[in-house]
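Structure first, then comments.
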Amino acid sequence: MEENDYKYYLDNGIHDIRDGNFEAGIEKINKSIELKNDWEIPYFYRAVAHQALDVGVAGAGGGDGGRAMLDYTKALQLNEKMTDAYYNRARILLTRKDIPDPDVKKAVEDLEKAIEQDEKFIDALYAIAAAHKKLGNYETALDYLEKLLKIEPEAIHARALKKLLLQKYL
């Protein structure tokens, strides 16, 4: 082990996170950031770990995702091309249970940036359609679902949301 090797700590922290050892991963990534703080990758992976701990799967973790939001934002400041950071930040906003009106418009902005960088990002297309539905922008939601279904015609959730929009709102 090289005590001054930020990559060593980052690689081991990522390994811990992938194994579900989020706290241990965060500790190692913190050490990596102490050694080199101008690289987006450690902030992104620390955000992933914080998101898993704070928010959990589908917003079930009970936290507000604040630590993850800060790290995703820092990663994006260092590299604005991090598609997954935009998507994950939007997911936190859209799944928050601790506030009655999450910032859906901010989530839409992040999802638009993710889709701008990867127009075939299926999860982002679905999330932005659902967000537009939440905002009452039913035609826009339908447009995003159509884009998604051109890429993945058998996407069950997208087909169901499209059916709902057409039957109930349009």
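Of everything in the stretch 71-93 that is in contact with an Asp or Glu (Cβ under 6 Å, 6 or more places away or on another chain) and assigned to a helix (DSSP H, G or I), the residue that is surrounded by the fewest Cβ atoms within 10 Å (Cβ to Cβ) is THR83. Taken over the stretch 54-70, the criterion of being modelled with pLDDT of 90 or more and open to solvent by 60 Å² or more (accessible area, probe 1.4 Å) is satisfied by ARG67, LEU70. Taking the criterion of being more than 24 Å from ASP101 (Cα to Cα) and aliphatic (A, V, I, L, M), the residues of the stretch 116-156 that qualify are ILE122, LEU148, LEU149, ILE151, ALA155, ILE156. Restricting attention to the stretch 135-170, which residues are surrounded by 15 or more Cβ atoms within 10 Å (Cβ to Cβ) and either modelled with pLDDT under 95 or β-branched (Val, Ile, Thr) (or both)? Within the stretch 135-170, just THR140 meets the criteria. Return the pair list, or none, for Cβ contacts closer than 7 Å from residues in the stretch 1-23 that are more than 15 Å from PHE44 (Cβ to Cβ) and outside any helix (DSSP H, G or I) to residues that are hydroxyl-bearing (Ser, Thr, Tyr) and modelled with pLDDT under 95, at least 6 apart or on different chains. From the stretch 1-23, no pairs qualify. There is no residue in the stretch 75-88 that is farther than 20 Å from ALA124 by Cα and either at pLDDT below 95 or of a type in the set (Lys, Arg) (or both).
Within the stretch 109-128, is there a residue that is among the hydroxyl-bearing types (Ser, Thr, Tyr), open to solvent by 60 Å² or more (accessible area, probe 1.4 Å) and more than 25 Å from PHE44 (Cβ to Cβ)?
Among the residues of the stretch 109-128, not one is among the hydroxyl-bearing types (Ser, Thr, Tyr), open to solvent by 60 Å² or more (accessible area, probe 1.4 Å) and more than 25 Å from PHE44 (Cβ to Cβ), which makes the answer no.
In the set (1) more than 12 Å from the chain's Cα centre (by Cα); (2) outside any loop (DSSP other than H, G, I, E, B), LYS97 fails one condition alone, (2).
Give all pairs with beta carbons closer than 7 Å in which a residue from the stretch 113-125 that is farther than 16 Å from LYS150 by Cβ meets a residue that is in a helix (DSSP H, G or I); count only pairs at least 6 apart in sequence or on separate chains. Within 7 Å, the pairs are LYS113/TYR86; ALA114/THR83; ALA114/TYR86; ALA114/TYR87; ALA114/ALA124; GLN117/THR83. When the stretch 95-106 is filtered for residues that are in contact with a Lys or Arg (Cβ under 8 Å, 6 or more places away or on another chain) and either open to solvent by 40 Å² or more (accessible area, probe 1.4 Å) or touching a residue at least 12 places away in the same chain (Cβ under 8 Å) (or both), only VAL104 remains.
The values are calculated or read from the model by the stated rules, or taken from the named source; none is laboratory data. The structure displayed is predicted, hence computed values, not measured ones. So basically every Cβ, Gly included, is an ideal-geometry build from the backbone, and we count neighbours across all protein chains shown. Only protein heavy atoms, including side chains, enter the accessible area calculation; ligands, DNA and RNA are left aside. Shrake-Rupley method; radii C 1.70, N 1.55, O 1.52, S 1.80 Å.
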